[in-house]
Amino acid sequence: IALGAGDSPTFDDLTVTDLTATGNVTLGDSGADTVQVEGFAKIESGISYGVAFKNENYTVAAGDYMINATAGNTLTLPAGASIEDGTVFVIKNGAGDASVASPVTIDGNGSETIDGDITIYLESPYASVNLMSSGSGWLAF
């Protein structure tokens, strides 16, 4: 397929074996899209992630990545079976207001656990945790 400047083609379920792109390239049109790279991917200029700022209880969505949460609120993770294994969320107390008395609470979905616990807490100012789906629970790293 040869594309010229200004072309905006749309493809569903496209397999590409060799791609070189310059300028702005958008892959997917929503948080529910999956772009899979097999092999090595090299990014030379950085990556920008969307940040969800939450100052209330919130159910994390599959399309989220970075969640900046204030103290005293609960984040509920999605069911592991409803998202891809290996999906990662980064949760941060960016306001620095977390404490033992008023933590950011992170709940697994239903009986799903986070490193064996149903609930974990960010109890220190500016604390953060990375969570990865194992398909039936969550791993903190």
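The values are calculated or read from the model by the stated rules, or taken from the named source; none is laboratory data. From a predicted model like this one, the values you see are computed outputs, not experimental measurements. Note that we place each Cβ from the backbone using ideal geometry, even for glycine, and neighbour counts take in every protein chain shown. The protein model used for the area step is the full one, side chains on, heavy atoms only, and it has no ligands, DNA or RNA in it. Shrake-Rupley method; radii C 1.70, N 1.55, O 1.52, S 1.80 Å.
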Query raised in the report: For segment 87-133, what does the alpha-carbon gyration tensor say about shape, rounded, prolate or oblate, given a ≥ b ≥ c as the root eigenvalues, a/c under 1.5 as rounded, and a/b over b/c as prolate?
Result: oblate
Requested in this report: With only Lys, Arg, Asp and Glu charged, each at its Cβ (+1 for the first two, -1 for the last two), find how big the charge dipole of the chain is about the Cα centre; round to the nearest 20 debye.
Outcome: 420
**Report entry** Positive-end extreme of charge dipole, the chain - chosen from GLY80, ALA140, ALA98 (charges on Cβ)
**Finding:** ALA98
Query raised in the report: How many percent of the accessible area of the chain is carbon or sulfur, using a 1.4 Å probe?
Result: 48
Query raised in the report: Which value, in Å² rounded to 10, gives the accessible area of PHE11 with a 1.4 Å probe and all protein chains present?
Result: 90
Query raised in the report: Near GLY108, within a Cβ-to-Cβ distance under 11 Å, what is the net charge of the other residues, with Lys and Arg +1 and Asp and Glu -1?
Result: -4
Requested in this report: Could you calculate the FRET efficiency of TYR65 with ALA95 from 1/(1 + (r/R0)^6), where r is the beta carbon distance between them and R0 is 30 Å, rounded to 0.05?
Outcome: 0.95
Query raised in the report: Rg/Rh for segment 4-124: what does it come to with C-alpha atoms and Rh from Kirkwood?
Result: 1.06
Query raised in the report: Quick one: Karplus J couplings for segment 51-65, per residue in order, coefficients 6.51, -1.76, 1.60, θ = phi - 60°, nearest Hz, x for Gly and Pro?
Result: 10, 9, 8, 10, 10, 8, 4, 8, 9, 5, 9, 4, x, 6, 9
Report summary line: Residue-normalised value, i.e. accessible area per residue, for the chain at 1.4 Å probe, in Å², stands at 67
